[in-house]
Every structure is written in C-alpha cells, then in structure tokens.
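The values are calculated or read from the model by the stated rules, or taken from the named source; none is laboratory data. On a predicted model such as this, the values are computed, not experimentally measured, just so you know. As a convention, Cβ positions derive from the backbone with ideal geometry for all residues, glycine included, and neighbour counts pool all protein chains shown. Ligands, DNA and RNA are excluded from the accessible area calculation, which covers all protein heavy atoms including side chains. Shrake-Rupley method; radii C 1.70, N 1.55, O 1.52, S 1.80 Å.
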Amino acid sequence: MPSAIQKVIKAGRMVAKKTGRSPLAVMIDLILSKIRYKCDIYDYTVGKFYLLQPNVRKNFLTYGRRIPLYGKFNDKNYLVYLRNKRVFHKKFHEVAKRDWIGCDKATPEEIRAFLRRYGTGFAKPMIGTQGKGIFVLKAEDATEEMITKLQTDRYLLEEMVEQDERMAFGARSVNTLRMYTLMDRQGHVDVIKVVFRVGVGQAIMDNFHQGGVVYPVDLSTGIVEGRGTLMDFENDVLIHPGTDFTILGFHIPRWQEALDTVVKAAKMLPEVRYIGWDVAVTKTGIEIIEGNNMADMDLLQLVGHRMGHRVTYDDFLARM
C-alpha cells in the first residue's frame, strides 16, 4: 500500500507531465490545496483542481468539504429509507410503482411465481450501491441453487422497467436521469443538477461506475447540452461509444413530469435534504428507480462545467 508521501509524489509527477510544470511545484500546490481547501488527491488529479483559479478553488466541493455536508443535510436516522430497497419501495410506492418481492422473506414458490408473472426480474442486493451485484434473472433460470442465493444473500427482485424507446440509444440498459434535489430548512426543494446516464454496449447498467457515460442536461429545457463524460473525466465524447448516436441536443421526454416527480419524492422524506434520484422515463410516465443520500458530488461540478453549470460549496451553504 503506497504511503501518503508516495501518493503525493506520484500525483505530482503525473500532473507535471500533463502541464509542463515542475513536479516540486505541483506537489507544493497539492499540499497547500489540502490545507487551504481540504482537497484530496482525487480532486486534484481527476477533478483537475490543479487547473482552477483561486476564485473557483474557494468554492469547489472538495472531498474534505463534501463529507461534512452529507451529515449536515441528511439525518442519519432516516437514511434507511434510501439504503434498504425494501424500505424504499414501501416508502416511495407512489413514485416507484413497479412490482417487487423481497426474496429473504419469500418462499421459493413465491419467487418462482413472481418470475413467471413477468418472465424476467431485476435482481438487486437489498443494500448496495453503484450497481454492484445486480443481474437480470429469467424465470427458466430460477434453479434451486439460484433461489437459495437470492434468499441467503438477501436479494430483492423487481419488475423490469420498460423505458421510453427514445431513451435507449442502442444500449441494453435502462438509461436514467440522475436528478439532484436539495431542500432548504423551510422545505423548499430545488433541482440543482441533472445528468443523463447512458449505458454502453451489452452492459445492463447505465451507472457511471459501471462504464456508463454521463451527459449534462439543461435544467430549464431538458435538453442535453454538452458532450458525454467518462469515469476518468479525461476525454469527452461526442459520439456515444459503440454507436453512431450523437446525444448532444436530445430533448428528454416528459421533462416537466420528471422535475415534478423528484420534487414530490424529496418532500416525502424531508429529513434527508440532499438526494440524488435515479429516474427512468418509461412508456407510460416517470418511475423513480432509487434515491442516494451520498450521491456523487463530483458529477455536480465536473459534468457540464464548461457551460458554467458547476454546483458550488456556496450553493449548499446558502441552504444550510
């Protein structure tokens, strides 16, 4: 495991190579950024903090600033409504309308009946993030061994979401909007950022951490306003990977309905004031997939910032 000093040296050399600055100057700047702005190495390198001017740096949501904000805005006693998928479905059934079954409390026959009813189910760990452990299960593949896994590993099976075909863009995944809501102490909810997440190839998930591409969406119009961003934040894409589609300029269907739905959902859990909602546009309306109490703040400021749409530290402080 590299030491903190080794990590600083490695980061310094990497940024120096990109910028032409001396490694020593970069390392000094990195250390000072840590002291002044609570900036970690990820912020500095991947987040390109090294490129920012002082007036932007002072408002950047660095790691050291982000972590306390989660606690200030979100009451830990209510996080179970977002973290536990069974509890989530019971709480948000008005906006997450698809059918589901908790396998840990279901009999093998109940699980098989659920799969026969829909033909296919979306299997998710009861508690989990970033799309880890998720898979699609067909009714004919529900062997005794598989059902035992679903029960012992505490899986939840969901009815598959049928997205509006205009949202597909050649991907196998259901492509969702990540919609960030922030509530002030008076209960007013703002949608502060939206990105469109699009899966690549045969991946069943559109998640950024699973190789998906994220595109910035203009809040006033619902139109994709910039190129796509990959996980490394290095190269923006104009043509969606593996396709000949250009998503720039695409108008999100049912845009106002999506905005109204996440505001409604946020007001259903006022104890958790900062939430990143994953939202599907279906053939019949808007379906919330899940809510995230620690939704990636790096997307708030690193996707779409070239259009000047960088959510800042002050945006949070103003609603404290």
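Within the set N77, N59, the sole residue that is polar (S, T, N, Q) and part of a helix (DSSP H, G or I) turns out to be N77. Of the numbered criteria (1) within 24 Å of the chain's Cα centre (by Cα); (2) open to solvent by 50 Å² or more (accessible area, probe 1.4 Å), the one A96 fails is (2).
Here L32 meets the list (1) within 25 Å of I9 (Cβ to Cβ); (2) modelled with pLDDT of 95 or more; (3) open to solvent by 70 Å² or more (accessible area, probe 1.4 Å) almost entirely, failing just condition (3). Checking each residue of segment 136-146 against the condition of being assigned to a strand (DSSP E or B), loosely packed, with under 13 Cβ neighbours inside 10 Å and not charged (D, E, K, R) gives at least one match.
Y44 meets the conditions (1) open to solvent by less than 20 Å² (accessible area, probe 1.4 Å); (2) aromatic (F, W, Y); (3) more than 24 Å from the chain's Cα centre (by Cα) in every case but one. The failed one is (3).
Pairs meeting the criteria (first residue in segment 131-150 and over 28 Å from N175 (Cβ atoms), second residue open to solvent by 40 Å² or more (accessible area, probe 1.4 Å), beta carbons under 8 Å, at least 6 apart or on different chains) are E144/P108; I147/P108; I147/R112.
Of the set (1) in contact (Cβ under 8 Å) with a residue 60 or more places away in the chain; (2) in a strand (DSSP E or B); (3) open to solvent by 10 Å² or more (accessible area, probe 1.4 Å), all apply to L182 but (3).
Scoring D315 on the criteria (1) modelled with pLDDT of 90 or more; (2) open to solvent by 30 Å² or more (accessible area, probe 1.4 Å); (3) touching a strand residue (DSSP E or B) at 6+ places or on another chain (Cβ under 7 Å); (4) part of a helix (DSSP H, G or I) leaves a single failure, condition (1). Let me spell it out: the conditions are (1) modelled with pLDDT under 95; (2) under 19 Å from P270 (Cβ atoms); (3) outside any helix (DSSP H, G or I), and H93 meets all of them except one. Which number is the exception? It is condition (1) that H93 fails.
So is I127 more than 24 Å from G222 (Cβ to Cβ), hydrophobic (A, V, I, L, M, F, W, C) and open to solvent by 50 Å² or more (accessible area, probe 1.4 Å) or not? Taking the combined requirement at face value, the residue satisfies it. Over 21 Å from V189 (Cα atoms) and touching a residue at least 60 places away in the same chain (Cβ under 8 Å): does that describe I288? Judged against the criteria, I288 is not a match. Please verify whether segment 106-123 includes one or more residues that are in contact with a Gly (Cβ under 9 Å, 6 or more places away or on another chain), open to solvent by 30 Å² or more (accessible area, probe 1.4 Å) and not in a strand (DSSP E or B). So far as segment 106-123 goes, no, none of its residues is in contact with a Gly (Cβ under 9 Å, 6 or more places away or on another chain), open to solvent by 30 Å² or more (accessible area, probe 1.4 Å) and not in a strand (DSSP E or B).
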